[in-house]
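In what follows, a single structure is set out as structure tokens and then discussed.
The values are calculated or read from the model by the stated rules, or taken from the named source; none is laboratory data. Treat the numbers as computed from the prediction; the structure is a model and nothing was measured. So basically every Cβ, Gly included, is an ideal-geometry build from the backbone, and we count neighbours across all protein chains shown.
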Amino acid sequence: MSNIEQPVYLEEKLEEIYDSGRLDYRSKSFPTWCPGCGYFSIVEGMTTAMNNLSIDPDETVVVSGIGCASRFPFFVNTYGFHTLHGRALPVATGIKVANEKLTVIAVGGDGDAFAIGGAHIPHAARRNVDMTYILFDNGIYGLTKGQTSPTSVLGFKTSTSPFENHDAPLNPLMMLLSYGAAWVGQAYAGHPHHLAKMIEQALAHRGFSYLHVLSPCVTFDKTTKTYKNLGMSVRELPEGHDTGDIMAAMAQARITDTLALGCYFKELRPTLGDGLSDITRRAQGKEKDNLRKHDKPKKSRTNSATKVPRRRAAV
Amino acid sequence: MARAQKKSTDIQIAICGSAGDGTIAAGDILKRAMAKAGYKVIAFDVYPPEIRGFGKCISRVRISSEQTYSLKPLSDVLISLDDSHAIPHVVEVRDFGAVIYEDTPVSMVPEGAHISGHLLLTHLPYGVPFRELSEQVTSSARSRNIAAVGYLAGLYGMPRDVFYGVISDKFSAKPASLTQINIQAFDAAFEVGRDTFRLDEGHLNPPPSNARNGDLMMMSGNGAIVRGCMDAGLDAFFGYPITPATTIMERLASELPVKGKTMLQTEDEISAISATIGAGYAGVRAATATSGPGFALMSEMMGLGAMAEVPAVIFVSQRGGPSTGMPTQTEQSDLNIAVFGSAGDSQRVVLAPTNVEGCYKCAGKAFEIAERYQTPVIVLLDLYLSNRYEAVELPAKNPFKENCSKPVGKLKKDQTYHRFEITKDFISPRAIPGDKGYRHVVTGLEHDEKGRPRDQTHQKMSQKRHEKLLSVPRLPNINMSKRFGDKGKVDVAIIGWGSTFGEILEAMIVARTEGIRCAAMKVVLLSPLPLEPINALLNDSREVLVPELNYEGQFANMLTGATGRSVTRLNRVPGTPMHVQDILDEIRRLAGKKPGKAKGRKRLAAE
Ligand SMILES: Cc1ncc(C[n+]2csc(CCOP(=O)(O)OP(=O)(O)O)c2C)c(N)n1
Ligand code: SF4
Ligand SMILES: [Mg+2]
């Protein structure tokens, strides 16, 4: 993970962008974000990852909720659905159920995910919907101009916590690990190369992959999750970290004074789509059994609830 | 049956017992057998919200040779399987009707607890030892309910073989001996009933020989919704359990996978509607079903469906509200939220079938409309309609169209796709994810024709979303409204919606026999209202009556708002269907005939 420390030069970057072909994955819309917002590097990371994986943009849907983060679908050149505050995951689940072939990516902010949308995350994770959820965590409500969020740090002063925030922040990584997410990782907007790699891994994973991206809100957070503070607290996962070991992943996720970047945990298990195919198989097998059972016997019909052939009453 | 004359049949049987007596099962056997025998049947069960314990169950079955539209307020026969529950219902038996009850010696029950002491002078008592009959032939009292049905069948001379078929179907999943035992209990009681003195009035005549030869199906409103969904090719259903909508989800859970389709139980109703909208956006036919409390949770997403122009079908079976209200009682009080409930001007289509057959048609049509108009379509039912059974005849050929989406044209070179293009009929050609070269973003933000967020387009796009729905009232192959009764000028017009229309029709038919010039109109399309036929009827009528099962007069308010015509309201919220008599009294009063007991009261208090 050497590129974490690698500085980025504009000239090199432009050259690289033109050469790579990943501009094809950028939409023509100019992002509405504040200059310096961490979210820009998530767009860069996403287009890089999609380009590297040669994902077909016509077969891809990016679904979002509401928030600064959720403006994301407008800036990538795929199909997009900008839904309601907190509802990206269930909408994305519906899309995936409707068309298993699509690459489905859900994005959103920390408020969108863990406040209003909190009820949906465990279920997308436990069902193992084959999609990628990228969470833009700035520890604040950006779009509504700087209120406290479920990941705001203790002591944070915002417009809704003028006397400091007293509500302990959630630990999203711990939550996702215990919800049964099949791929859990963390990246930092200040390390765009690593971020792009993590997005690539998350997209490539078959099953529900969750990438937590630490990203500063340069406009409304001048004190807590700034580039300076985050830059000092991020670290690599320990060498030899076993991504198959849920306890090791949780042990890392519990450490919050420093923040480890990388893939914490991954496992392959049946997805929602696999489950649905299995249900269909069983239903169709069972249906045949039923028919067999009802084929031979007496004068009675199949399925009691349905057809009643009209017969003259024997009176 | 020797005494059968060329007369029509119209009898109603009520079976009352406590949960665990097999009351509902007995009613089920009776209604299925009678439908099989070729009668028209309407049946409705009332059961307690609690699963355990000894709550009251009543099953009412109306058996007739002519089409009827509702249950009768008075039954011809009451069968008591539990006197403590049945006693209050004795007054719902007509004069010279029969009360059939367990022949327990009066000395064995506390004073006042025996039903025989509560019969009116005009009732015919039939004490029958159901328990003993069951025990004699099956050495268990468990078939007591079947014995009760057998006795009734014998009393009326009902055709026995149809009962055998229905009983063996009912127990087909159980060991064969159980079918045998129950048929024996049925037979034993049948013979006792046959040899009993019978009433002259209200006996069973053979079903009319002109009955059509199509297949009659005994089906509940929710069952018809399921059939409509399946015939319309529903691809994905998302739901969260809630009475009285749950049975739709349960049936689809076993039927959809057989066709390779999906039923997914979501974590809540917000998720259910979100996934439905997601699946609709991705281009398949998707639906959800709920009741008032769940529907309230869905309202924000309804607005997104309207704004982002995504097809979705939402079945809402109403129950008593607000809040958890009366979960096992019927009501029509979610009309406001169905038509208006969401942020902003959230245009949508609302359909309300009035009977079981209508449930089938509206369910299937809802998918066509949702797809064609790219908008959420709500189908409003209520507990009474969801759970009531009617013998219906469904079309032999699947009447529903497959793909009604407006297709996208070929794009010229360098031409970009405009998802929300304003066309002549205001409906935009629709591409779905996976279509090559039509990539776009849809959003709940106001947007321009390309789908890009823009506030300045709000006037124009609001107009688009409004105008595109204006042709819905004129869609073919479905009655968006229908007028019955007298043509031309009338003294009283009764306008209704949903399940209450059955009672309205019955009341109107009686009023006409009394010489009152009147007409009834059912309004199936509640948003956007079919104003042309409604106004035509209003212009024809001196008085307008709007009976509905809600306290605030939600439909009356809508009618007055849309037409400027003030109407007489009849609002009741007893949790049970409207009484035909109440409607009739109002019609008489408005027509200037001898005023009924509802004298001059505009709004009748709940019972
Ligand atoms: C139902 C609803 N409630 C509230 C809002 C207002 N709202 C919009 S975005 C937002 C918070 C966004 O915060 P977050 O999800 O962290 O995203 P960020 O802007 O920080 O990227 C809120 C409260 C809304 N749009 N919808
Ligand atoms: S308000 Fe904050 S989160 Fe939103 S765009 Fe600006 S910097 Fe980014
Ligand atoms: Mg945020």
Task: Index of the failed condition, A:F156 passing every other in (1) in a strand (DSSP E or B); (2) among the hydrophobic types (A, V, I, L, M, F, W, C); (3) within 16 Å of ligand 3 (Cβ to nearest atom) - done: (1)
TODO: For region A:13-50, enumerate the residues that are of a type in the set (S, T, N, Q), within 16 Å of ligand 2 (Cβ to nearest atom) and away from chain B (no Cβ under 11 Å).
DONE: A:S41
Task: Residue list for region B:104-120, filter: assigned to a loop (DSSP other than H, G, I, E, B) and over 36 Å from the mean Cα position of the chain (by Cα) - done: B:T104, B:P105, B:V109, B:P110, B:E111, B:G112
TODO: Could you grab me the full set of residues in region A:138-147 that are in contact with an Asp or Glu (Cβ under 8 Å, 6 or more places away or on another chain) and surrounded by 24 or more Cβ atoms within 10 Å (Cβ to Cβ)?
DONE: A:N138, A:G139, A:I140
TODO: Run B:G280 past the list (1) more than 8 Å from every other protein chain (Cβ to nearest Cβ); (2) touching a residue at least 40 places away in the same chain (Cβ under 8 Å) and report the number of the one that doesn't hold.
DONE: (1)
Open item on the list: Being surrounded by fewer than 19 Cβ atoms within 10 Å (Cβ to Cβ) and aliphatic (A, V, I, L, M) is true for just one of B:V61, B:V149, B:V106. Which residue is that?
Closed with: B:V106
Open item on the list: For region A:145-159, which positions are near ligand 1 (Cβ under 10 Å from one of its atoms) and more than 18 Å from A:G118 (Cβ to Cβ)?
Closed with: A:K145, A:G146
- [ ] Any chance you could count how many residues in region B:333-376 are over 24 Å from B:Y281 (Cα atoms) and in a loop (DSSP other than H, G, I, E, B)?
- [x] 6
Open item on the list: It is to be established whether one or more residues within region B:426-447 are touching a Leu at 6+ places or on another chain (Cβ under 6 Å), within 12 Å of chain A (Cβ to nearest Cβ) and buried (at least 19 other Cβ atoms within 10 Å of the Cβ).
Closed with: yes
Task: Criterion: part of a helix (DSSP H, G or I), of a type in the set (D, E, K, R) and without any contact (Cβ under 8 Å) to a residue 40 or more places away in the chain - qualifying residue of B:K468, B:K464, B:K460 - done: B:K460
- [ ] Please specify each residue of region A:106-150 satisfying the condition of being closer than 16 Å to A:G65 by Cα, of a type in the set (G, A, S) and either within 16 Å of ligand 2 (Cβ to nearest atom) or free of Cβ contacts under 8 Å to residues at least 24 places away in the same chain (or both).
- [x] A:G108, A:G109, A:G111, A:A113, A:A115, A:A119, A:G142, A:S149
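Pick out the one residue from B:A253, B:A296, B:A272 that is modelled with pLDDT of 95 or more and crowded, with 24+ Cβ neighbours inside 10 Å.
Exactly one residue qualifies, and that residue is B:A272.
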- [ ] For region B:292-310, state whether one or more residues are away from every other protein chain (no Cβ under 13 Å) and under 29 Å from B:N477 (Cβ atoms).
- [x] yes
Task: Residue that is among the β-branched types (V, I, T), within 16 Å of ligand 3 (Cβ to nearest atom) and in contact (Cβ under 8 Å) with a residue 12 or more places away in the chain, where the choices are A:T48, A:T32 - done: A:T32
Task: Close pairs from region B:361-373: first outside the structural domain of B:S527 (by TED's automatic domain parsing), partner in a helix (DSSP H, G or I) and surrounded by fewer than 24 Cβ atoms within 10 Å (Cβ to Cβ), Cβ under 8 Å, at least 6 apart - done: B:A363/B:R227; B:G364/B:D231; B:I369/B:V472; B:Y373/B:K468; B:Y373/B:L469; B:Y373/B:V472
TODO: Kindly list the number of the only condition in (1) within 16 Å of ligand 3 (Cβ to nearest atom); (2) farther than 20 Å from A:G108 by Cα; (3) without any contact (Cβ under 8 Å) to a residue 12 or more places away in the chain that fails for A:T226.
DONE: (2)
TODO: Note down all Cβ pairs under 9 Å where the first residue falls in region A:193-208 and is more than 18 Å from A:L177 (Cα to Cα) and of a type in the set (D, E), the second is assigned to a loop (DSSP other than H, G, I, E, B) and modelled with pLDDT of 95 or more, and they're at least six residues apart or on different chains.
DONE: A:E200/A:L53
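Within 14 Å of chain B (Cβ to nearest Cβ) and either part of a loop (DSSP other than H, G, I, E, B) or more than 15 Å from ligand 3 (Cβ to nearest atom) (or both): is that true of A:G190 in this structure?
Here the answer is no, as A:G190 does not meet what is asked.
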Open item on the list: Within region B:340-354, does at least one residue satisfy the condition of being of a type outside the set (K, R) and within 19 Å of B:A43 (Cβ to Cβ)?
Closed with: yes
Open item on the list: One residue is enough: does region A:65-82 have a residue meeting the conditions part of a helix (DSSP H, G or I), within 25 Å of B:S299 (Cα to Cα), within 16 Å of ligand 1 (Cβ to nearest atom) and away from chain B (no Cβ under 13 Å)?
Closed with: yes
Task: Among residues of region B:459-490, those that are crowded, with 19+ Cβ neighbours inside 10 Å and acidic (D, E), counted - done: 1
- [ ] Report whether or not A:T93 is part of a helix (DSSP H, G or I), under 25 Å from A:V218 (Cα atoms), in contact with a helix residue (DSSP H, G or I) (Cβ under 8 Å, 6 or more places away or on another chain) and more than 16 Å from ligand 2 (Cβ to nearest atom).
- [x] no
TODO: Identify, from the list A:E44, A:E15, the residue that is modelled with pLDDT under 95, closer than 27 Å to A:L143 by Cα and part of a helix (DSSP H, G or I).
DONE: A:E44
Task: Failed condition for A:S178, given (1) among the small types (G, A, S); (2) more than 30 Å from A:G94 (Cβ to Cβ); (3) part of a helix (DSSP H, G or I) - done: (2)
Task: strands (runs of 3 or more DSSP E) fully within region A:204-315 counting 3 or more residues that are at pLDDT 95 or above, closer than 29 Å to A:Q6 by Cα and not acidic (D, E) - done: A:209-214, A:259-266
Open item on the list: Just to verify a result, which residue in region A:122-144, among those that are more than 13 Å from ligand 1 (Cβ to nearest atom) and of a type in the set (V, I, T), is nearest to the other protein chains (Cβ to nearest Cβ)?
Closed with: A:V129
- [ ] Kindly indicate the residue of region A:107-124 that is away from ligand 3 (no atom under 16 Å from the Cβ) and crowded, with 24+ Cβ neighbours inside 10 Å and also farthest from A:A182 (Cα to Cα) among those meeting that condition.
- [x] A:H120
Open item on the list: Just the residues that are away from chain B (no Cβ under 14 Å) and either without any contact (Cβ under 8 Å) to a residue 24 or more places away in the chain or in a helix (DSSP H, G or I) (or both), please, taken from region A:51-63.
Closed with: A:N51, A:N52, A:S54
